[in-house]
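Trainee: Sharing a structure here in C-alpha cells format.
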Amino acid sequence: MRELACGTCGTGQSTKANSFYQAQGLLQKPRQMAGEYRDYGEDVPDISFIRSGRAICFTLGELREVIAFRDQGQAPSSHVAAGQ
C-alpha cells in the first residue's frame, strides 16, 4: 500500500475536497497520522476516479452508485461488464 500524507494526496486535489467527498459518502474516513495528517493511500484510485467522473459531468449520486457496485464486486452496467 502506498501511503500519502495528505496535502494534495498525489492527485492534485485539496484536503477540503477530500473531506467534502468523504461527507458525501464517496470516500472512507482516512487513517489519522502524526500531527493533523491523514493517510488517503488506499483511496487514491477513488479520488482519481471521482475527479475524472466529475470532469465528464457525472453527478455525485451517479459516482456513489458506481463505487457501491464496484465495492460489491459488480459492474454498474452491461456496457462495463462487456469491457471486462
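Trainee: Under the rule of at least 5 residues apart or a separate chain, name every residue whose amide H is placed under 5 Å from the amide H of ARG38.
Mentor: For ARG38, the qualifying residues are CYS6, MET33.
Trainee: Over the stretch 15-82, with a single point scatterer placed on each C-alpha, what log10 of the ratio I(q)/I(0) does the Debye formula yield at q = 0.29 1/Å?
Mentor: Debye intensities relative to I(0), on a log10 scale: -1.42.
Trainee: A further question on this structure: Under the definition of Cα pairs under 8 Å and six or more residues apart, what whole-number percent is the relative contact order of the stretch 15-82? Write down the numbers at each step before the final one.
Mentor: Details: 35 pairs, mean separation 14.6, N = 68.
Taking the mean separation of contacting Cα pairs over the length of the stretch 15-82, I get 22 percent.
Taken together, the values in this text are just the output of simple stated rules run on the coordinates, not laboratory data. Since we're looking at a predicted model, the values are computed, not measured.
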